[in-house]
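To start, the structure under review is shown below, and the notes come after it.
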Amino acid sequence: MTRQTPTVLVVVLNYRTPELALKSAGCAVTAMQGIAGSITIVDNASGDGSDKIIAKGIADAGWDRVTFLQSPHNGGFGAGNNLAMRAGLPDGTAPDFVYLLNSDAWPRPDAIRVLLDTLAAHPEAGMAGSRIVGDDGVLHHTCFRFPSILGEFEGAVRTGIFTRLLRNWVVPFPVPEATAPVDWVAGASIMMRQPMLDAVGLFDESFFLYFEETDLCLRAARAKWTCLYVPASEAEHLGSVSTGMKEWARTPGYWFDSRMHYFVQNHGRAYALAATVSRALGEGLWRLRCLLTGRARDTAPYFLRDLIAHGLRRGQAGRSNRAIPFNNAALLRNHDVPTGGNL
C-alpha cells in the first residue's frame, strides 16, 4: 500500500565511469530535495577501483542520503539495477517508486519531482520517462513502439515509401510535446511504480545489455499498465559511455543475444525467426539501394552476415529468468559477461 508521503529509491548503476556516476548522484541529490527516499549507487563489478572512488566521493560530499552497493559480478544492466531494487531503502523496506538514472545522465533539478507528480496523477501508469537531451542540447529519441516483424523491416530498409506504408509500425515514436502514452521509453531517466514491479517482476536478467527496458515495458503493458513519456521532466545524457556503443567497430554478440531473446521470449521462436528474416530482407534492399545510387552505407561492418548467422544459430534458444520476486536476494544469479565480437 502506498504511503501518505511517497518514497523514491534512486538507482545509479556504474560500470567504469565513477566520476560520472558521482556527478549523476549529485544531480539526483539536488533533484530529490523535498522528496522522501534515498539514492543508491551500484558498482557493477567494474574491477578498476570504481568502488573506492565512489565510496570516497560519497564520504567527501557528505551525502547522508546516498548509499553504495558493490555487485559481486557484472550481470549486465538489468542485474545491476535489480540488485539495488531488491535491497530497497536503507531500512530494508520497498519504496513506492524506483527512479533509474544512467551514470552518464544528469536530471534537471525538477526532473524527479515532475515524474513523481505525473505518476501520482496517472494511477494507471506503471512508469514514466524523461525527455532526454545531449550535452549539445540536441533532443535524443527515447520513446518507441514495441519491435515487430514489420517494424524490423522498416527500420532496416530506411526508405520513405516503406516508412509511409508502415507508419504504424515504425519503432521510433513521434516525440510528444506533452505527456503522452507510448509503448516504451529508454531507461536513462525513468521512474517505475512499485506495485507494477510487484506485479510483473524486475528486469529479466537473461538480457545482458539492450532490450531489457523494452521487455519490462511489454510485460507491464500486457498487465494493463501504461508507459508515459514526460517532456516536462528533462535529463542530459552523454550516451553510450559505459557500453562504448559509439566506438563499436562491429555489433557485439550480446546485442544479437538480447534481440533474439526478446522476440523468442515474448512472441515465440517462429516470430523471432520471421523478424530476423524481415530485418535481413530490409537490410539487403537498403544495401542494394546504396549500391545503385552510390550512397554510403551506415550499417556496422558485417552486420547483415552476423544477423543471419546469429539467427540460424540462436533461433532455437530462449531462456527466461523473469519470475523473480522483488525482495528475494536468494534468486540472484551469477551471469558471466557475454562475449562480443565475431560470431
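The values are calculated or read from the model by the stated rules, or taken from the named source; none is laboratory data. Everything quoted here is computed from the prediction, not taken from an experiment. Backbone-built Cβ (ideal geometry, glycine too); neighbour counts: all protein chains shown. For the accessible areas, the whole protein counts, side chains as well, though only heavy atoms, and no ligand, DNA or RNA atoms are used. Shrake-Rupley method; radii C 1.70, N 1.55, O 1.52, S 1.80 Å.
When Leu281 is tested against (1) farther than 29 Å from Arg131 by Cβ; (2) out of contact with any helix residue (DSSP H, G or I) (no Cβ under 8 Å at 6 or more places or on another chain); (3) modelled with pLDDT of 95 or more; (4) of a type outside the set (Lys, Arg), only condition (2) is not met.
Looking at this structure, is Ala232 within 24 Å of Ser24 (Cα to Cα), of a type in the set (Gly, Ala, Ser), open to solvent by 30 Å² or more (accessible area, probe 1.4 Å) and not in a loop (DSSP other than H, G, I, E, B)? Here the answer is yes, as Ala232 does meet what is asked.
If I filter segment 119-136 down to residues being open to solvent by 20 Å² or more (accessible area, probe 1.4 Å) and touching a residue at least 12 places away in the same chain (Cβ under 8 Å), which single residue comes out as farthest from Ala221 (Cα to Cα)?
Residues of segment 119-136 that are open to solvent by 20 Å² or more (accessible area, probe 1.4 Å), as a first pass: 120-124, 131, 135-136.
If we keep only those that are touching a residue at least 12 places away in the same chain (Cβ under 8 Å) as well, we get 120, 122, 124, 131, 135.
Values: Ala120: 18, His122: 15, Glu124: 11, Arg131: 21, Asp135: 32 Å.
Step by step, filter segment 119-136, then rank; the result is Asp135.
What about Asp51, is it surrounded by 24 or more Cβ atoms within 10 Å (Cβ to Cβ), of a type in the set (Asp, Glu) and either over 21 Å from Leu116 (Cβ atoms) or in contact with a helix residue (DSSP H, G or I) (Cβ under 7 Å, 6 or more places away or on another chain) (or both)? It is false that Asp51 is surrounded by 24 or more Cβ atoms within 10 Å (Cβ to Cβ), of a type in the set (Asp, Glu) and either over 21 Å from Leu116 (Cβ atoms) or in contact with a helix residue (DSSP H, G or I) (Cβ under 7 Å, 6 or more places away or on another chain) (or both). Taken over segment 21-44, the residue count meeting the criterion of being farther than 13 Å from Pro107 by Cα, surrounded by fewer than 20 Cβ atoms within 10 Å (Cβ to Cβ) and of a type in the set (A, V, I, L, M, F, W, C) is 2. Checked across segment 137-155, the condition of being farther than 25 Å from Leu304 by Cα, modelled with pLDDT under 95, open to solvent by 70 Å² or more (accessible area, probe 1.4 Å) and not β-branched (Val, Ile, Thr) holds for no residue.
Report yes if Pro195 is of a type outside the set (D, E, K, R), outside any strand (DSSP E or B) and open to solvent by 60 Å² or more (accessible area, probe 1.4 Å), otherwise no. Quick ask: steps written out before the conclusion?
Values: of a type outside the set (D, E, K, R): yes; outside any strand (DSSP E or B): yes; open to solvent by 60 Å² or more (accessible area, probe 1.4 Å): no.
Taking the combined requirement at face value, the residue does not satisfy it.
Given the condition closer than 30 Å to Pro18 by Cβ and open to solvent by less than 20 Å² (accessible area, probe 1.4 Å), answer yes or no: does some residue in segment 175-186 qualify? Show your work before the answer.
Pass one, segment 175-186, residues closer than 30 Å to Pro18 by Cβ: 184-186.
Retained after the next criterion (residues that are open to solvent by less than 20 Å² (accessible area, probe 1.4 Å)): 185.
For segment 175-186, residues closer than 30 Å to Pro18 by Cβ and open to solvent by less than 20 Å² (accessible area, probe 1.4 Å): present.
Go through segment 177-203 residue by residue and tally those that are aromatic (Phe, Trp, Tyr) and closer than 18 Å to His140 by Cβ. Let's see the steps before the verdict.
Of the residues in segment 177-203, the ones aromatic (Phe, Trp, Tyr) are 184, 203.
The next check asks that each one be closer than 18 Å to His140 by Cβ; those that pass are 184.
Of the residues in that region, 1 qualify.
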